[in-house]
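Before any comments, here is the structure.
The values are calculated or read from the model by the stated rules, or taken from the named source; none is laboratory data. Because the structure is predicted, anything quoted here is derived from the model rather than measured. Every residue, glycine among them, receives a Cβ derived from its backbone with ideal geometry; neighbour counts consider all protein chains shown. Side chains included, ligands, DNA and RNA excluded: accessible areas come from the protein's heavy atoms. Shrake-Rupley method; radii C 1.70, N 1.55, O 1.52, S 1.80 Å.
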Amino acid sequence: MKKIAVLTSGGDAPGMNAAIRAVVRKARFHEVDVVGVYHGYEGLYNGKFELLDIGSVGDIIQRGGTKLYSARFPEFKQDEFQYKAIERMKEEGIEGLVVIGGDGSYRGAMQLTEKGFPCVGIPGTIDNDVPGTEYTIGFDTALNTVVDSIDKIRDTATSHENTFVIEVMGRDAGDIALWSGLAAGAESILIPEESFEIEDIVIRLERGAARGKRHSIIIVAEGVMNGHKLAKQLEERTGVKIRTSVLGHIQRGGSPSARDRVLAGRFGARAVELLLENKGGRAVGVKNHEVIDYDLREAFETKHKADLSLYSLSKELSI
Ligand code: F6P
């Protein structure tokens, strides 16, 4: 291959820029040209291309967001849009594509591969919900942002003896809630993967109050329910005022952690190798510290599993 392209798609994640940089630098190392595609699949369809040289990806390794912008483009599910995108890439002499995004973004990559255009996926999402890999780019940074926010909320919760419900992102996955709740010592953690009883949270609150504890943190993943709704239910049950904080998009921003930058570098380099080895239709991931690759289909045909041993642990540590 002499020319490949790279795009970012779906919700942005810190470390996407580091991955773009790794793709460009690794490809240039092998004297392969790289075209950046702006605005994800929409840009692929509309030909928003720009040749990326080594210098063009300088000074981005530390930046959050994505230099190539990201977009959600549901039209790309249609065959005619995919054929058009392939035509555009061929006109530019592009022979392979790296897609950085979540499992939703992988679907388009697989469909292009099935139509004869080799694509490789790099998992980039704060949700950590791509099946086949233990970690996605952006999760570690988002996690640290969330933990930092919970710590700050705890400061004021302690001073005013308040109970807080903190709603975190994650879509249908509980990873952000689980890991941040554990890291910040939350009293209760609610994740979509496990059912919960309001009564159980109430018992924990009452048990804490009985031993003199006057503040509490409850983490709820957005995939379980709205934080305000949960707070209302708890208020009705306990008669105590419960504050709510919805962390929102702050979780998607910020400079990527060292861990996310290194992961992005490893993933980006392996993705380019796969294309150069003519192995389209693969996704890169990490398992037991090793970079692996696997069938792209696995990423959206199987279901992500959160590490539920952490859930049991949180129950034991927050008695
Ligand atoms: O997938 C990343 C994510 O931030 C999810 O955690 C969240 O549910 C979703 O994107 C929000 O997307 P949007 O910014 O399009 O509302």
* Structure fact -> Rounded to a whole %, the carbon-and-sulfur portion of the accessible area of the stretch 180-226 at a 1.4 Å probe is 46 percent
* What share of the DSSP beta bridges in the chain is antiparallel, in percent to the nearest 5? -> 20 percent
* Asked: Taking the chain as the region of interest, what is the percent of Cα-Cα pairs per 10 angstrom bin, listed from the shortest bin to the one with the maximum distance?
  -> 6, 27, 29, 18, 12, 6, 1, 0
* Asked: R0 = 25 Å: FRET efficiency of Lys115 with Thr302, Cβ-based, nearest 0.05?
  -> 0.65
* Asked: By how many degrees, between 0 and 90 and to the nearest 10, does the Cα long axis of helix 16-29 differ from the longest principal axis of the chain?
  -> 30 degrees
* Asked: What's the angle, to the nearest 10 degrees (0 to 90), between helix 175-184's Cα axis and the longest principal axis of the chain?
  -> 50 degrees
* Neighbour net charge for Thr125 - beta-carbon separation under 11 angstrom, K R +1, D E -1 -> -3
* Packing-wise, with mean Cβ within 10 Å as the measure, how do 149-159, 219-229, 10-20, 133-143 rank, highest first? -> 10-20, 133-143, 219-229, 149-159
* Can you give the net charge of the other residues whose Cβ lies under 10 Å from the Cβ of Leu274, counting K and R as +1 and D and E as -1? -> 0
* To do: Taking the dipole about the Cα centre of the stretch 1-156, with the C-beta of Lys and Arg at +1 and of Asp and Glu at -1, give me whichever of Ser105, Tyr83, Gly15 is farthest to the positive side.
  => Tyr83
* What accessible area per residue, rounded to a whole number of Å², is obtained for the chain using a probe radius of 1.4 Å? -> 44 Å²
* Relative to the longest principal axis of the chain, what angle (0 to 90°, nearest 10) does the C-alpha long axis of helix 103-114 take? -> 20 degrees
* Asked: Is the shape of the stretch 68-121 best called rounded, prolate or oblate, per the rule: a/c under 1.5 gives rounded, else a/b larger than b/c gives prolate, else oblate, with a ≥ b ≥ c the square roots of the Cα gyration tensor eigenvalues?
  -> rounded
* Structure fact -> Order by accessible surface, 1.4 Å probe, largest leading, for residues Phe49, Phe29, Phe117 comes to Phe29, Phe49, Phe117
* Asked: Past the 28 Å Cα-Cα mark, which pairs from Lys241/Lys303; Lys152/Lys315; Lys2/Lys115; Lys77/Lys303; Lys241/Lys305?
  -> Lys241/Lys303; Lys241/Lys305
* Structure fact -> With all protein chains present, the stretch 1-139 has a carbon and sulfur share of its accessible area (1.4 Å probe) in percent of 46 percent
* Asked: Counting Lys +1, Arg +1, Asp -1, Glu -1, what net charge surrounds Lys241 among other residues with beta carbon under 15 Å of its beta carbon?
  -> +1
* Classify the stretch 47-149 as rounded, prolate or oblate, taking a ≥ b ≥ c as the square roots of the eigenvalues of its Cα gyration tensor: rounded when a/c is under 1.5, otherwise prolate if a/b is larger than b/c and oblate if not. => oblate
* Run down the aspartates and glutamates and flag those whose C-alpha is under 18 Å from the C-alpha of Lys3, throwing out any fewer than 8 positions away in its chain. => Glu31, Asp33, Glu50, Asp53, Glu87, Glu91, Glu92, Glu95, Glu273, Glu277
* To do: Using label points projected 7 Å from each Cα along Cα→Cβ, tell me how many nm separate Asn46 and Asp148, to one decimal.
  => 3.3 nm
